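The values are calculated or read from the model by the stated rules, or taken from the named source; none is laboratory data. None of these values were measured; they are calculated from a predicted model. Positions of Cβ are generated from backbone atoms using ideal geometry, with glycine treated the same way; all protein chains shown enter the neighbour counts. What goes into the accessible areas is simple: the full protein's heavy atoms, side chains included, and nothing from ligands, DNA or RNA. Shrake-Rupley method; radii C 1.70, N 1.55, O 1.52, S 1.80 Å.
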Amino acid sequence: MDQLIDELIRLAFAEDIGDGDHTTLCCIPDTAMGKSQLIIKEDGVLAGVEMAKRIFHHFDPDLKITVFIEDGAEVKKGDIAFIVEGKVQSLLQTERLVLNVMQRMSGIATTTRKYVKALEGTNTRVLDTRKTTPGMRMIEKEAVKIGGGVNHRIGLFDMILLKDNHVDFAGGIQQAIIRAQNYLKEKGKELKIEIEVRNFEELEEAMQTGGIDRIMLDNFNIEDTKEAVKRINGQYETESSGGITFDTLRNYAECGVDYISVGALTHSVKSLDMSLKAMDENN
């Protein structure tokens, strides 16, 4: 996965700098040295400090970063997260990418922390989804973890999740599960199997078929979720998904589900405001 992040950084610089940052190159001497500080402009949860280090060092290994606030800390407006110093040309060319990544990651971590706190006192954990920005999934899912959430599968390769379309194309719940089991046996793979069910009839069929690890209750209302958890009775992990908002989150958790998956953690989150500003030479 480190390889994917390195490739993301490479592509991001290629996109931003192209054949050169002509604005910086035309007015800043190659020998000029300076430092910048990351200023928090909005209360939230900080995420992306470790990513910022990678970005800085990818571009210029000689940049020096002094960190004051680590990933996962709750920050206030006016806090200084870190200082970076070195060639001014390097500071200016890395500034926007570092901010884009940290603002996005911090926004996700802040939103996730809000959901996690809403679940305090229950045994339910909040999960992310694959509703991520293409190419940025690894860092967005890392931000969910920093915020206290749990990563669902990373992609299509690390878990079998039989969703409604898989079930319909396969010809039903039982057929989909059996095919998944046979596939894993044939390929010699050990992956968890999760099945999505849309009603009690599908739930019963999934439980009768067996050989699964988790049941996703898709678009079940509160009352039906309680009944489904009662029927499953701890035989399988349970996950609620579909149309769950922050306002209804706690009600679903109190039904006794193990997990609630929330696409909003990554697909429509607001970035946390911050800036990377030049410091006076005397500071």
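Here are the numbers for the structure shown:
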read-out: Estimated [θ] at 222 nm from DSSP helical runs (n ≥ 4, -39500 (n - 2.57)) normalised by residues in the chain, nearest 500; value: -14000 deg cm²/dmol
read-out: Packing-based order for 103-111, 64-72, 124-132, using average beta carbon neighbours within 10 Å, highest first; value: 103-111, 124-132, 64-72
read-out: Positive minus negative residues near Leu63 (Lys, Arg vs Asp, Glu; Cβ under 10 Å); value: +1
read-out: Total formal charge among the other residues, if their Cβ is under 13 angstrom from that of His267, Lys/Arg +1 and Asp/Glu -1; value: +4
read-out: Net charge over other residues, Cβ less than 14 angstrom from the Cβ of Lys187 (K, R count +1; D, E count -1); value: 0
read-out: Carbon plus sulfur fraction of accessible area for the range 161-258, probe 1.4 Å, in percent; value: 41
read-out: Convex hull per residue volume in Å³, alpha carbons only, for the range 202-283; value: 158
read-out: For the chain: accessible area per residue (Å², 1.4 Å); value: 51
read-out: Alpha-carbon radius of gyration plus Dmax, which is the widest Cα pair, for the chain in Å; value: 22.9, 73
read-out: Antiparallel bridges, percent of DSSP beta bridges restricted to the chain (to nearest 5); value: 50
read-out: Two-decimal Rg/Rh across the range 1-76, once Rg and the Kirkwood Rh are taken from alpha-carbon atoms; value: 1.00
read-out: Distance in nm between pseudo-label sites at Glu223 and Ala278 (7 Å out along the Cβ direction from Cα); value: 6.6
read-out: Packing-based ranking, highest mean first, of 250-258, 181-189 given that Cβ atoms within 10 Å are counted; value: 250-258, 181-189
read-out: Mean Cβ neighbour count within 10 Å, used as a protection proxy, ranking 73-82, 48-57 highest first; value: 48-57, 73-82
read-out: Computed log₁₀ I(q)/I(0) - Debye formula, equal Cα scatterers, no solvent, the range 63-175, q 0.12, 0.20, 0.23 Å⁻¹; value: -0.60, -1.15, -1.28
read-out: Share of carbon and sulfur in the accessible heavy-atom surface of the range 1-81 [1.4 Å probe, %]; value: 53
